[in-house]
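Taking it in order: structure first as structure tokens, then the write-up.
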Amino acid sequence: MSVLVDDDTRVVVQGITGGEGEFHAGQMIEYGTNVVAGAVPGRGGEEVHGVPVYDTVSRAAEAENADASVVLVPPAFAADALFEALDSPVDLVVAITEGIPAQDMARVYKRLGETDTHLIGPNCPGVITPGEAKLGILPGNIFSSGNVGLISRSGTLTYQVVDNLTDRGLGQTTAIGIGGDPIIGTGFVDALSLFEEDPATDAIVMCGEIGGTDEEEAATYIDANMDTPVAGFIAGRTAPPGKRMGHAGAIVSGSGAGTAEGKIEALSEAGVPVGDTPEEVADNVEELL
Amino acid sequence: MRLHEYQAKEVFAEAGLPTPDAELAASTDEVLAAAESIGYPVAVKAQVHVGGRGKAGGIKLAESDDEAREAADSILGMDLKDYTVDRVLVEAAVDFVDELYVGVTMDRGEGKPVAMVSSQGGVNIEEVAAESPEAIAREHVDPAFGMHPYQARRAVYDAGVEDDVASDVAGVLSTLYDLWEDSDAEDTEVNPVMVTSDREVVCADAVMNIDDDALFRHPDLAAMEEAAAEDDLEAKANEYGFDYVRLEGNVGIIGNGAGLVMTTLDLVDYYGGSPANFLDIGGGAKAERVANALDMVFADENVDSVVFNIFGGITRGDEVAQGINDAIAQFDELPKPIVVRLAGTNAKEGMEILNTDALDVEETLEGAVQRAVEHAGAASVNRGAGQ
């Protein structure tokens, strides 16, 4: 069992003829993902890695019976690609693109609320169910199959924590990179609820970072609604207020909201052990299982 | 990108907002000439990106040449929270009876813009926000429609703005929203909006931050960027296209991915060291970019050791190793010790070519950080002994 994706997931890659799109479509196929179509305006009828390309997402999804889309489209065109995916039959959209203007995302987010589609990202490494499917750019070889669910706002931090888990034989059901932008489709609370429903997930790791209040809301949710134990990590303890550290989301506002301290305190109060180092996160997961 | 006050005022004035007469000045003579042409009294205002500059002495009122000279001499060249003031805005002083706050920003939790008005504007707005949040009227806006005129009116009336200026203040808010949307701003804000004894409304300050990710479609605003950069190292980072933040410590940090780099900073602190910077080389970096990153961190004279932590996904370990080798080839002896940790994609290939005679190599993140902290500690002890 797993959440969001498995070996039945049928994937359209939006932007499959671009450099990134072509490379990562190849990597996804090599991992065993069912990439069934590409969608690029004006390129219908071509093939990439033996996969047929269609002019629109709807045509691709209808012709190939696809139920998920991976968006590898440059930032200037990404919002349009997301609107297109939301208006198509796919019910999962994974947006990898980094650097989508925030106001574009606000409009996409508004539209998302009018649909039943799951949007993961943007500015995320994607979703992987080890041994079954990966939708995105995660390096497949560091993951292993098991009973730990993982949710993270940061790509490379995900890899670091997964590496520590895999090293100790702690495999994963599914890992979800939810993305580092201020406005994302699926937040911690949504992702936690997916894992809570998954009988194969016995423990969850959530890697948060400074900025926003998603981790605080997750703490409240865990306390009130969850039986599956959660281990936490928060990046950005040493970040000075008012400075943007790479992720558009990773900025501590002057008012004191969104600090590492506040997040760690909220999680601890909800019974979530927060590790000081990635190693300690793996220690905590071992204890929770 | 954060615009300077004078830049934001130009944008606001062009959009029709009422702003006081003002001129930019970089010397005492220019301040006097500007004051002469505007007419006393004037406000002399430091042009740096620092909050609370008024409280820190960065804004002074002058009613005569003598006072203007005094203000110019004390503000030009002063250090405001690590920034040296090299320009001031000389502006007609407004004789006000009320100060209001008007602003638009993105409420990330809601995923929507929010317009805000308070009748308690001025230097204490942050305390007002913290202590009596009900004193700030908030109006969430559907980004697909934009702000309806009634929403601007409702915010202004809810904030308790007096009736005779309510329409003008609602006009300021509507214009700020349009500017926010048209410019892809993160924030547009006027604090304070001053109300004069003649019941005129004047925008006495101007804040405008532009979403860096949207600058590609605003070449006119992007052109203001060079004038807005302040720290030499930050200007260099802009040139290289790095996400870089300079900090106070002596352990230089280079890595890939914001979350992992932040974690590396946190671990430096956890193991008793002090981070000198945040530097994210981003995904898929090639050898040249890696060499540029080392160049940046070496350019910071506070740095005593460097930790290079890469977990490759789309970034390849062998590319990174090549970049490090290239960068250190120019030195007979490394000016500062470098600890390298490579993991993930092609890490093994990278480790094989890495110049391990000159570099320290560690297998784990924790090990690499601890080693770099030890080096930095030893360097500062040696310096202490030499003094």
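The values are calculated or read from the model by the stated rules, or taken from the named source; none is laboratory data. Fair warning: this is a prediction, and the values are worked out from it, not measured in the lab. Cβ sites come from the backbone with ideal geometry, for glycine too, and all protein chains shown count toward neighbours.
A compact table of results
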{"quantity": "Some residue of the stretch B:221-232 being within 12 Å of chain A (Cβ to nearest Cβ) and either over 15 Å from the mean Cα position of the chain (by Cα) or not in a loop (DSSP other than H, G, I, E, B) (or both)", "calculated": "no"}
{"quantity": "Those residues of the stretch B:1-43 which are touching a strand residue (DSSP E or B) at 6+ places or on another chain (Cβ under 6 Å), in a helix (DSSP H, G or I) and without any contact (Cβ under 8 Å) to a residue 60 or more places away in the chain, in sequence order", "calculated": "B:V31, B:A34, B:A35, B:I38"}
{"quantity": "Residues satisfying the stated conditions in the stretch B:109-152, i.e. at the interface with chain A (Cβ under 9 Å from one of its Cβ atoms), surrounded by fewer than 20 Cβ atoms within 10 Å (Cβ to Cβ) and part of a strand (DSSP E or B)", "calculated": "B:K112"}
{"quantity": "Residue that is surrounded by the most Cβ atoms within 10 Å (Cβ to Cβ), among those in the stretch B:175-203 that are in contact with an Asp or Glu (Cβ under 8 Å, 6 or more places away or on another chain) and within 12 Å of chain A (Cβ to nearest Cβ)", "calculated": "B:A185"}
{"quantity": "Residues (in contact with a strand residue (DSSP E or B) (Cβ under 9 Å, 6 or more places away or on another chain) and in a helix (DSSP H, G or I)) located in the stretch A:266-282", "calculated": "A:L267, A:S268, A:P278, A:E280, A:V281, A:A282"}
{"quantity": "Scope the stretch A:148-196; condition free of Cβ contacts under 8 Å to residues at least 40 places away in the same chain, more than 11 Å from every other protein chain (Cβ to nearest Cβ) and either over 14 Å from the mean Cα position of the chain (by Cα) or more than 27 Å from B:E186 (Cα to Cα) (or both); matching residues", "calculated": "A:T166, A:G169, A:S193, A:E196"}
{"quantity": "Filter result for A:M1 (buried (at least 24 other Cβ atoms within 10 Å of the Cβ) and under 24 Å from A:T173 (Cα atoms))", "calculated": "no"}
{"quantity": "Count of the stretch A:115-142 residues which are under 15 Å from the mean Cα position of the chain (by Cα) and either free of Cβ contacts under 8 Å to residues at least 12 places away in the same chain or part of a loop (DSSP other than H, G, I, E, B) (or both)", "calculated": "10"}
{"quantity": "Identity of the residue in the stretch A:62-82, under 16 Å from A:H118 (Cα atoms) and away from chain B (no Cβ under 14 Å), that ends up surrounded by the most Cβ atoms within 10 Å (Cβ to Cβ)", "calculated": "A:V70"}
{"quantity": "Residue within the stretch A:228-245 that is part of a helix (DSSP H, G or I), at pLDDT below 95 and surrounded by 19 or more Cβ atoms within 10 Å (Cβ to Cβ) present", "calculated": "no"}
{"quantity": "Answer from B:G241, B:G272, B:G257 - the residue that is surrounded by fewer than 16 Cβ atoms within 10 Å (Cβ to Cβ) and under 23 Å from A:T277 (Cα atoms)", "calculated": "B:G272"}
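Every residue, every condition in (1) touching a residue at least 40 places away in the same chain (Cβ under 8 Å); (2) surrounded by fewer than 20 Cβ atoms within 10 Å (Cβ to Cβ); (3) under 25 Å from A:E280 (Cβ atoms), yes or no:
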site: B:E301; (1), (2), (3): no, yes, no
site: B:I310; (1), (2), (3): yes, no, yes
site: B:A329; (1), (2), (3): no, yes, no
site: B:I338; (1), (2), (3): yes, no, no
site: B:L342; (1), (2), (3): no, no, yes
site: B:V361; (1), (2), (3): no, yes, yes
site: B:G377; (1), (2), (3): yes, yes, yes
